[in-house]
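The values are calculated or read from the model by the stated rules, or taken from the named source; none is laboratory data. What you see is a predicted model; the values in this text were computed from it and never measured. A quick note on method: Cβ atoms are made from the backbone with ideal geometry, for glycine too, and the neighbour counts reach across all protein chains shown. Just so you know, the surface numbers come from the protein's heavy atoms only, side chains and all, with ligands and any DNA or RNA stripped out. Shrake-Rupley method; radii C 1.70, N 1.55, O 1.52, S 1.80 Å.
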Amino acid sequence: VFGTWRTEATVDGYLEVRISNCEQALCGEIVRARDPQGIAGPFEHIGCQMIWGMSPTSQPNAWDDGKIWYPISDRTFNSRMELTVAGLMVSGCVLGICRSQRWRRVPR
């Protein structure tokens, strides 16, 4: 799971997030923002933590009890992640309503 991942694209583009180990849990820092054509551009939240507190579960390649911050709306959600053959499934929930995204690994 360590490395850089690309969020799903929106009309504004997508983010690249570097997942690493932070103390006893996983965290993710925004390292780049790209427009819909894939061109990197300025983004005020580069270097900010987007994911933190992801603890391993009893399932292999799964983490939960974390938080994810959505910088566009400045909202934080309870979050979990699972590494699958299709990519990194990232979900965020608030008041029982959850949304998921499939992130893809950024090639080196």
Can you pull out the trypsin sites (Lys or Arg not before Pro) in region 1-79 that DSSP calls coil and that have at most 13 other Cβ atoms within 10 Å?
none
Cα-centred dipole magnitude for region 62-108, charges only on beta-carbon of K, R (+1) and D, E (-1), debye, nearest 20
260 debye
Whole number in Å², please: accessible area per residue of region 21-74, 1.4 Å probe, ligands, DNA and RNA not counted.
62 Å²
Can you give me the solvent accessible area of ILE97 with a 1.4 Å probe, rounded to the nearest 10 Å²?
120 Å²
Which GluC sites (Glu not before Pro) does region 18-48 hold that lie in a coil by DSSP with at most 13 other beta carbons within 10 Å?
GLU23, GLU44
Given a Förster distance of 30 Å, the FRET efficiency implied by the Cβ-Cβ spacing of VAL85 and GLN24, rounded to the nearest 0.05, works out to 0.65
Across region 74-91, in residue order, what do the Karplus-derived ³J(HN,Hα) couplings come to in whole Hz, using 6.51 cos²θ - 1.76 cosθ + 1.60 with θ = phi - 60° and x for Gly and Pro?
6, 10, 10, 10, 5, 9, 9, 9, 9, 8, 10, 5, 7, x, 9, 7, 10, 10
Heavy atoms only, probe 1.4 Å: what % of the accessible area of region 2-108 goes to carbon and sulfur, would you let me know?
51 percent
If you place +1 on the Cβ of every Lys and Arg, -1 on the Cβ of every Asp and Glu, and leave all else neutral, what size is the dipole of the chain about its Cα centre, to the nearest 20 Debye?
300 debye
Probe 1.4 Å, all chains present, heavy atoms only: SER55 accessible area in Å², nearest 10, is 40 Å²
Treating the Cα atoms of the chain as identical point scatterers in vacuum, please give the log10 of the normalised Debye intensity I(q)/I(0) at q = 0.18, 0.23 Å⁻¹, two decimals.
-0.86, -1.42
Could you sort LEU83, LEU26 by accessible area so the largest value comes first, with the probe set to 1.4 Å?
LEU83, LEU26
